Amino acid sequence: MGPRQQHGQLITATATHATAASASVAGAAGLKYYITDISASSDKAGALVLVKQGSTTIWRSQLQTTAAGFCAYEHTFSQPLEAAVGALISCEVDGTSVCNANIAGFSLPTLG
């Protein structure tokens, strides 16, 4: 059985920027982060959404442009993405004049 969210502390972050939004949660000694949900939006056709552990990309997707010319994306991971103990986590998206990034999940203390 995997980690259970009800035993952890909720983590969330959101960011808005013109050309690159990065929603991040700083690493903390003795904590392991589990990413359960991300969302992103951008005005850039073909924008990339990246989930990172530190500077390493651990998951990525390309946003599809809607008929209105705006890209929006939401994803819930059926099995949470697991980051290394103490590692910073982030959700990043690029844009041309407006983009938004959101990340959510939970943290659990490590033993020892």
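The values are calculated or read from the model by the stated rules, or taken from the named source; none is laboratory data. Predicted model only: the values in this text are computed from it and were never measured. Note that we place each Cβ from the backbone using ideal geometry, even for glycine, and neighbour counts take in every protein chain shown. Remember, those area values only see protein heavy atoms, side chains included, never the ligands or the DNA or RNA. Shrake-Rupley method; radii C 1.70, N 1.55, O 1.52, S 1.80 Å.
Cβ-Cβ distances below 7 Å connect the following pairs, each with a first residue in region 78-97 that is within 20 Å of Asp43 (Cα to Cα), a second residue that is aliphatic (A, V, I, L, M) and not in a strand (DSSP E or B), and a separation of six or more residues or different chains: Val93/Ala47; Asp94/Ala47; Gly95/Ala18; Gly95/Ala47; Ser97/Ala18.
Of the residues Gln53, Gln62, the single one that is at pLDDT below 95 and over 17 Å from Ser97 (Cα atoms) is Gln62.
I'd like to check something: does region 6-15 contain any residue that is among the hydrophobic types (A, V, I, L, M, F, W, C), within 20 Å of Phe106 (Cβ to Cβ) and open to solvent by 30 Å² or more (accessible area, probe 1.4 Å)? Yes, region 6-15 contains at least one residue that is among the hydrophobic types (A, V, I, L, M, F, W, C), within 20 Å of Phe106 (Cβ to Cβ) and open to solvent by 30 Å² or more (accessible area, probe 1.4 Å). Residue-level analysis places Gly46 among those that are outside any strand (DSSP E or B), under 19 Å from Val98 (Cα atoms) and open to solvent by less than 40 Å² (accessible area, probe 1.4 Å).
With respect to being open to solvent by 30 Å² or more (accessible area, probe 1.4 Å), in a loop (DSSP other than H, G, I, E, B), in contact with a strand residue (DSSP E or B) (Cβ under 8 Å, 6 or more places away or on another chain) and of a type outside the set (A, V, I, L, M, F, W, C), Gly86 fits the description.
Has region 89-99 got any residue that is modelled with pLDDT of 95 or more and open to solvent by 60 Å² or more (accessible area, probe 1.4 Å)? So far as region 89-99 goes, no, none of its residues is modelled with pLDDT of 95 or more and open to solvent by 60 Å² or more (accessible area, probe 1.4 Å). With respect to the conditions (1) open to solvent by 50 Å² or more (accessible area, probe 1.4 Å); (2) of a type in the set (A, V, I, L, M); (3) in a strand (DSSP E or B); (4) closer than 25 Å to Leu111 by Cα, Ala29 falls short on a single one, namely (3).
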